[in-house]
1. May I ask you to evaluate 6.51 cos²θ - 1.76 cosθ + 1.60, the Karplus curve with θ = phi - 60°, for each residue of region 187-198 and list the ³J(HN,Hα) values in order in whole Hz, giving x for glycine and proline?
2. Normalising by the residue count of the chain, find the relative contact order in percent from Cα pairs under 8 Å and 6+ residues apart.
3. May I ask you to order 19-32, 145-158, 101-114 by the average number of other C-beta atoms within 10 Å around their residues, highest value first?
4. Rounded to two decimals, what is the ratio between the C-alpha radius of gyration of region 84-178 and 2.2 N^0.38 Å?
5. Would you calculate the separation in nanometres between label points at residue 32 and residue 66, each defined as 7 Å from the Cα along the Cα-to-beta-carbon direction?
6. Taking amide H atoms as placed 1.01 Å from N in the peptide plane, list the residues 5 or more away in sequence, or in a different chain, whose amide H sits under 5 Å from that of residue 106.
7. Using amide H atoms built 1.01 Å from N in the peptide plane, name the residues 5+ places from residue 156, or on other chains, whose amide H lies under 5 Å from its own.
8. Which value in nm describes the separation of the simple spin-label points at residue 117 and residue 184, placed 7 Å from the Cα toward the beta carbon?
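Every number in this text was worked out from the coordinates using simple rules, so none of it is lab data. The model shown is predicted, which means the values in this text are computed figures rather than measured ones. No Cβ is skipped: glycine too gets one built from the backbone with ideal geometry, and neighbour counts run over all protein chains shown.
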Amino acid sequence: MDFIKQFLLEANNILSQLDTAAIDNVINLIVNTRAHMGRLFILGVGGSAANASHAVNDFRKIVGIEAYAPTDNVSELTARTNDEGWSTIFSEWLAVSRLNTNDLVFVLSVGGGNLEKNVSPNLVAALQYAKQIGTKIIGIVGRDGGYTAQVADACILIPTINPTHTTPHAEAFQAVIWHLLVSHPKLKTAQTKWELVR
């Protein structure tokens with residue numbers, strides 16, 4: 001029982017420390033992207049890839065913005081990994097998608113990418129490509145935010161309350177925050193099913 005209470009207490013502490021101004025900045029960039037008919041490209045690896053897939057659904061269905069996660073196309077993902085290498089899977093995908101300045105790259109990551117430690121080099125390469133094109137970047141990241149936090153136009157950092165729970169908290173709060181985003185009155189354009197059922 002002590003572990004359960006401790007884990008939930010950590011989650012409560014994270015909630016109380018989230019930067020609401022950073023969340024508002026992310027919302028405004030998504031609003032602007034949608035207004036300019038831009039697309040939302042959501043990037044993540046591991047558990048964050050699963051979150052990216054779910055988030056794509058919510059942004060398309062609830063927010064009405066064209067959204068994609070490269071990891072949803074497992075055939076292309078594995079072909080690129082096999083033929084070109086892991087580090088360029090996202091940047092090459094974005095290039096074929098003709099990433100442009102109206103679009104928005106959205107990173108979901110525990111560490112945000114770090115070339116020196118060879119962690120998520122594919123995220124770093126994608127963000128370098130986005131910066132080269134002039135595409136805006138947003139993120140929800142944990143730990144110190146890594147490369148994403150360094151280059152993003154708006155970034156929400158999940159505070160590290162207990163270093164031994166960095167990954168589960170970061171990935172869990174990605175979901176909390178993207179659900180906040182799609183529920184925000186500035187973004188929400190369609191009602192969710194259970195709110196319609198009486």
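1. With coefficients 6.51, -1.76 and 1.60, one gets 10, 5, 10, 10, 6, 7, 4, 5, 6, 8, 7, 10 Hz.
2. Details: 331 pairs, mean separation 47.9, N = 198.
Relative contact order, the chain: 24 percent.
3. Numbers: 19-32: 16.2, 145-158: 21.9, 101-114: 25.0.
The packing order, highest mean first, is 101-114, 145-158, 19-32.
4. Numbers: Rg = 13.2 Å, N = 95, 2.2 N^0.38 = 12.4 Å.
My calculation over the Cα atoms of region 84-178 gives 1.06.
5. 2.0 nm
6. Sorted by chain and number, the residues that satisfy this are 41, 42, 43, 138.
7. For residue 156, the qualifying residues are 139, 140, 141.
8. Result for the modelled spin labels: 2.8 nm.
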